[in-house]
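The values are calculated or read from the model by the stated rules, or taken from the named source; none is laboratory data. A quick note: this is a predicted structure, and the numbers were derived from the prediction, not measured. Positions of Cβ are generated from backbone atoms using ideal geometry, with glycine treated the same way; all protein chains shown enter the neighbour counts.
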Amino acid sequence: MMNVTIAKLALQALLGRRRFYLLLAFPVLLIGLVTLITVLTDGDAAWEIVPGLGYTLVLPLVAILAASSVLGPEVDDGSIVYLLSKPVSRYGIAISKWLVALGATLVAGSLPIFVAALITGDTTRAVALFVGAVVAGTTYSALFLAISAVTRHAVIASLMFVLIWESLLGNLFTGIAWLSISQWGIRIGHALSDELPDPANLPWAIGASLVVTLAGVWFAGDRLRSFSLRGED
Amino acid sequence: MSNLVLDSASRWFGNVVAVNDVSLNIGPGVTGLLGPNGAGKTTLMAMMAGFLAPSAGHVTLDGKPVWRNTEIYHQIGLVPERELSFGYLTGRQFVRANADLHRLPDAAEATERILAEVDMVEPAARRLDTYSKGMRQRVKIAAALVHQPSVLLLDEPFNGVDPRQRMHLMDLLRRLGDDGRTVLFSSHILEEVERLARHIEVVVSGRHAASGDFGAIRRLMTDRPVQYAVQSSDNRALGAVLMAQDSVRAVSLRGDHLDVQVDDLGRFAVDLPGLAKQHDVTLFELSPSDESLESVFAYLVAR
């Protein structure tokens, strides 16, 4: 299903835009901040930042940037017709673009979280958080790809999901953990290290992450099948 | 050889009807889709290219529906009006990507062949964002033609292209039509369509207003008032005589000639020489003053 040409073009779209530097800035800042605090303070203050800031904010932001870069602009300006006017499976296009977005999210999101967690010491909890970040990064990138395929305001919509639903409401109502990508990842990480909280049950966290990932990519492909060019405005 | 058929196709967006009950059969050769801006040409093109579902009716290519049918792109090449946003690719990379997406067995060779055909071999190593409008247009056409489709759809292909490049593109499209490919291009510029298309489909306000070769469309409209400029030895005398004819609607003296508005073209043409001779007027010149497509168009819009 993977289409190498589409993936190559998506990668070029990702690397060729100014957003790419923003994508790089997030992990660099995170690691820099954690290093600084580790050096300047005693105790576990630096560790707090990794799940608190890195995992809940940097990871989804990176995923939003990556997913919207590989699909958003092309859908916005309609130039995706150049890819779609080819006998290429729409699901193949969605999968290829998702894999590129996923790769970017893992490299610029999950991996730096792992590095930052390692800097604070304890390897077990670092591995646990990394596993959680890989799961959440995978799920996020599929969800945000699907959002990019339906709306011109994908970045805003995705940000609202992260900031309002997951962060703000998620902090106020514990039940939202059952419907929060970041909490599913945390729960999966908890299976490896007790230092991570236990917000929901494990089979649910695994199942829900899987379902959202598959449904997100499938939905993006289906939207591409029905992609419409609007007439003269 | 492919036929693109619209069968009572309509498309509306909310309350706005963009295309209203259009039936067309586009066969091999060059066809021009002519209409003013906002007539629904882009909507029609999008439906024909499988990028818009008809709200009612059917759009088929050789009998197969085009909407949500990825396989038609083996046969269709599309040149959208939309700008290329792949500025970071070179012309060659872009055309090659198109060849790869079609999984052509020898994509590199197909790329070079089509670049040569549109005369873009030399600038192909430069990035797309350094190209002029005409060059981008040619690269877009190359990308659409790289898999040798039997149908080529071009939306406003001559927009913003300078006259020399326009001639070049027209030659290319004419050649493709002569090869037996189905070439359909849209335009709101009358002389373009006149010069290139053997067959013309006119859309006005979302409706199919006329169809045929240029001559046929002209003949369709012989019952409309036609304007002639007449020069003779005695314009005033001739004017008086003409005004008495049933076929003439209006006569006016204008400088050195006579403007005559004629209802019945056939009768007027037959009667004029006899009338002139009978009243001792010598005719110097008789010319239609609005034979351009523009007037055909204005008439269709007003109809």
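Go through region B:6-21 and give me each residue that's more than 13 Å from every other protein chain (Cβ to nearest Cβ) and either touching a Leu at 6+ places or on another chain (Cβ under 6 Å) or over 16 Å from B:H58 (Cβ atoms) (or both). Within region B:6-21, B:L6, B:N15 meet the criteria. Only residues that are among the hydrophobic types (A, V, I, L, M, F, W, C), surrounded by fewer than 23 Cβ atoms within 10 Å (Cβ to Cβ) and within 14 Å of chain B (Cβ to nearest Cβ) were counted in region A:85-119, giving 1. Scanning region B:60-89 for residues that are surrounded by fewer than 20 Cβ atoms within 10 Å (Cβ to Cβ) and away from chain A (no Cβ under 11 Å) returns B:T60, B:D62, B:G63, B:K64, B:P65.
Scanning region A:146-161 for residues that are more than 13 Å from the chain's Cα centre (by Cα) and either within 17 Å of A:I181 (Cα to Cα) or assigned to a helix (DSSP H, G or I) (or both) returns A:A149, A:V150, A:A154, A:I156, A:A157, A:M160. For region B:154-180, residues that are charged (D, E, K, R) and crowded, with 22+ Cβ neighbours inside 10 Å total 2.
Let's see how each residue does on (1) more than 18 Å from the chain's Cα centre (by Cα); (2) at pLDDT below 90; (3) more than 13 Å from A:I113 (Cα to Cα):
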residue: A:A13; (1), (2), (3): no, yes, yes
residue: A:G16; (1), (2), (3): yes, yes, yes
residue: A:A25; (1), (2), (3): no, no, yes
residue: A:L36; (1), (2), (3): yes, no, yes
residue: A:A46; (1), (2), (3): yes, yes, no
residue: A:V50; (1), (2), (3): no, no, no
residue: A:L53; (1), (2), (3): no, no, no
residue: A:A67; (1), (2), (3): no, no, yes
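Across region B:53-88, the number of residues qualifying as touching a Leu at 6+ places or on another chain (Cβ under 6 Å), among the aliphatic types (A, V, I, L, M) and outside any helix (DSSP H, G or I) comes to 5.
Among the residues of region A:64-102, those that are part of a helix (DSSP H, G or I), closer than 25 Å to A:Y21 by Cβ and either among the basic types (K, R) or free of Cβ contacts under 8 Å to residues at least 12 places away in the same chain (or both) comprise A:D77, A:K97. The residue that is farthest from A:I188 (Cα to Cα), counting only those in region A:105-138 that are part of a helix (DSSP H, G or I), in contact (Cβ under 8 Å) with a residue 24 or more places away in the chain and among the polar types (S, T, N, Q), is A:T105. Residue by residue through region B:31-57, note down the ones that are more than 14 Å from chain A (Cβ to nearest Cβ), of a type in the set (A, V, I, L, M, F, W, C) and surrounded by 24 or more Cβ atoms within 10 Å (Cβ to Cβ). Selection gives B:L34 alone.
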